[in-house]
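The values are calculated or read from the model by the stated rules, or taken from the named source; none is laboratory data. Since we're looking at a predicted model, the values are computed, not measured. Neighbour counts run over all protein chains shown; Cβ positions are idealised from the backbone, glycine included. Ligands, DNA and RNA are stripped out before the accessible areas are found, and what is left, the full protein with its side chains, is counted by its heavy atoms. Shrake-Rupley method; radii C 1.70, N 1.55, O 1.52, S 1.80 Å.
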Amino acid sequence: MKKGLFILAVIFLSSCKSKAVFVDTKTPTTAVNKENILTSEKIIQNHYSNKNEFSTLYIRASAKYKHEDDSQSVSAEVKIKKDEKILVSIRVLGITMAKALITPNEVNYYEKINGTYFKGNYEGLSQWLGTDLDFNKIQNMLIGQPIDDLTSGNYSFTETDRLYKLNALEDKTEKSFSFEAEKFLLKKQEIIQPDKERSFEVSYPNFQDFVSGIFPTSLTINAFQKKEKTTIIIDYNSKTFNEDLSFPYNVPDGYDRIFIK
C-alpha cells in the first residue's frame, strides 16, 4: 500500500497562490432565496454554474508527503491540457526525481530513486491501488472539482458545520461531497470503504478567483488504509492559463519496468 500511495502522491501533486482576490470560504453565508426549497439537485446545479474555462493550465507547487515515519518536502510542476493530458514533474533541490504523464487512456510514470517506470492503463492501476482511478478523476481533483459527475448520481444531502453535504452509497462504498454555502464551492470530497478499512479524502481550505474561473489555493489529501495514514499537503504557488505548453516525457535509459498484476 505504501508504494501505491507514493505513486498516488506523484500523480496528484499540483499548485497556486498570487495577488488575485481570494474567495473567503471560511464563513459561508446563505446563498439561496428562503422561498426556494434547497435540494441536492439545486446544490449540484449551483456548483456547476461556477465558471471553469481554460484550455491549458500551468501550475507550480510545493508539497509535503507524510506516511508513518516517512516524510518529504518536494516541489512540483503540473501542466494540464484540459481533457487531454497531464504532466507532473516532481523535484527535490531542483533535480527532477519523478515524472508522470497521464492521458485518458494511459498512465506513464518513472522515478529515479529505484530507477523504475510504469506504463499501463487505469484498470490494472486501480486494482493495485484499491480505488477506481481515471483521467477525469485526477484532473477534477487538481482543479477543485468533484471526482465524480454529480449530475449522473443520486444523492441525499444534509447541512452540517455550515456546509451542504451530498451523500451516496454505491456497492459498499460511501461517497460524500461538501460545499460551502456562498458559491457552492467544493470544500471536501470523501470516499470510504468500511469493509476494507480504507478511506480517501481531499479538502480545499480556500479558493482564488481568476478570469478563467475559481480554483483552489491548496489541497490536502488524507488516505487511510487500516491503521496506516498518508497525508499530502499541496500549496499552489503560481498558476497561468491558456498558454502554449510542451509535455516532454522520456524514460531514462536503463530503468526497469514495473508490471502490475
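The residues of segment 107-261 present an accessible area of 50 Å² per residue when probed at 1.4 Å with all protein chains retained.
Can you give the local net charge around ALA98? Use residues other than it whose beta-carbon is closer than 10 angstrom to its beta-carbon, Lys and Arg +1, Asp and Glu -1. Write out the running numbers ahead of the final one.
Numbers: positive: ARG91, LYS99, LYS112; negative: GLU111.
Net of charged neighbours comes to +2.
Beyond a 22 Å Cα-Cα separation, which of these cross-linked pairs lie in this structure: LYS42/LYS188; LYS81/LYS239; LYS64/LYS187? Before the final figure, lay out each step's value.
On the way: LYS42/LYS188 18 Å; LYS81/LYS239 14 Å; LYS64/LYS187 20 Å.
Pairs exceeding the cut-off: none.
FRET efficiency for the ASN206 to ILE113 pair, using the beta carbon distance and R₀ = 35 Å, is estimated at 0.60.
Label-to-label distance, ASN222 versus TYR249, with points set 7 angstrom from Cα along the beta-carbon direction: 3.1 nm. Surface composition of segment 94-215: carbon and sulfur make up 45 percent of the accessible area, probe 1.4 Å. Report the calculated FRET efficiency for LYS64 and ASP161 (r = Cβ-Cβ distance, R0 = 22 Å), to the nearest 0.05. Rounded to the nearest 0.05, the efficiency is 0.30. Solvent-accessible area of GLU41, all protein chains in place: 120 Å² (probe radius 1.4 Å, heavy atoms, ligands and nucleic acids excluded).
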